[in-house]
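A short reminder: the numbers here are calculations on the coordinates, not readings from a lab. Just so we're clear, the structure is a prediction, and the values are computed from it rather than from any experiment. Using ideal geometry, Cβ is built from the backbone for each residue, glycine included, and neighbour counts are taken over all protein chains shown.
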Amino acid sequence: MAKRFNLELVLKNLANDDTKALEELFNYYYPRLYKFSKSFIKLDDGIEDILQEVFVKIWNHRATIRSSETFSPFLYTLTRNLLLNELRRRLNSQKIKDEISRLTVSDEFQTFENLEYGELKETVDRIVDDLPEKQRRVFLLSRNEGLSHKEIAEKLNISTKTVEYHIHQSTKTIKEKLSQLRLISLLYLCLFL
């Protein structure tokens, strides 16, 4: 019959520098912590090293561990914190940053990721300058001066439906031209900044 795990006794022996007590803790908690770690960060590599560090910290702080009631929460919190540290370390790795960027940023943005905002604004300004006079005027009153459709209609003595039509047409034209330049993902940035 298997010997029943007695945490209170194991912690008492651990405080007395008993390496067998550390081995008992390891044998009892390692599978549980491993499963917890896998569910927490979904990584295979590195978990063993993190758990080894957990038990090294337990050994190094054995004299201060007193309560069997708080040991399990302490152990899981320690494990979680070390997992988070590892996750932060990995996220700060330039290789990981590049991979995340590659996977999350659209191709059209990557193509122009080094494009200066000023250059982009100049491109949009040129497109806006090429709009028909009335469209350009309505568009600039809307985007540059922040006027509402109603205010533009009153200022230009036209209907709000006409304002909406000109804004729709100018936005459509700008979108098409930026699309031809593969800058469509930056349209929102230019129109609404």
> Considering only the other residues whose Cβ falls under 10 Å of the Cβ of residue 138, what net charge follows from Lys and Arg at +1 and Asp and Glu at -1?
Replying inline: +3
> For the range 7-101, with only Lys/Arg (+1) and Asp/Glu (-1) charged at the beta-carbon, what is the dipole magnitude about the Cα centre, in debye rounded to 20?
Replying inline: 340
